[in-house]
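One structure is given below, encoded as structure tokens.
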Amino acid sequence: MAYTATFVVDAPERAEIDAQQGLLLLEFGVDWCPHCQLAQPLLERALQDYPALRHLKVEDGPGRRLGRSFRIKLWPSLLLIKDGQELERLVRPTTEAEIAAALARLAAA
């Protein structure tokens, strides 16, 4: 799946994420967040090596149940999920290498 430029407002239910088979990069944030904006080109470049990886960008904030269910506190938060189970979490990543290493670990899982 190609890199997604914007956060989706209509997030799936937690049960859908938990039932997801395969690999998933679940990203929480908002378009106006400066930390999220800085992470976008890093993510885009790192994800080029994983075109089949499902990447779901979910808008987070008050009243957003999916983010609360994962106890998201800071943006962006990247959750690396395999078969519905969170394997790793990156909070406010600042380098492409950091993201690429986490994606490699996810792909190897």
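How large is the dipole of the chain about the Cα centre if only Lys and Arg carry +1 and Asp and Glu carry -1, each at its Cβ, rounded to the nearest 20 debye?
Dipole about the Cα centre, nearest 20: 300 debye.
Which length gain, in nm to one decimal place, applies between Ala52 and Arg105 when the Cα-Cα distance is subtracted from 0.36 nm times their residue separation?
Length gained between Ala52 and Arg105: 17.6 nm.
Take the Cα radius of gyration of the chain and divide it by 2.2 N^0.38 Å, with N its residue count; two decimals is plenty.
With N residues counted in the chain, Rg over 2.2 N^0.38 Å equals 0.96.
Report the net charge of residues surrounding Ala39, where surrounding means a beta-carbon distance below 13 angstrom and charges are Lys +1, Arg +1, Asp -1, Glu -1.
-2
So, by mean Cβ neighbours within 10 angstrom, what's the order for 71-84, 28-41 with the highest one leading?
Packing order, densest peptide first, comes out as 71-84, 28-41.
I need to check one value: relative contact order of the chain, counting alpha carbon pairs closer than 8 Å and at least 6 residues apart, in percent.
Value for the chain: 36 percent.
Taking the Cβ-Cβ separation of Thr94 and Arg14 as r and a Förster radius of 30 Å, what is the calculated FRET efficiency to the nearest 0.05?
About 0.60, to the nearest 0.05.
Since every read-out is calculated from the coordinates, none of them should be taken as a lab result. No experiment lies behind these values; they were computed from the predicted model shown. Because the Cβ atoms are built from the backbone with ideal geometry, glycine has one as well, and the counts that use them run over all protein chains shown.
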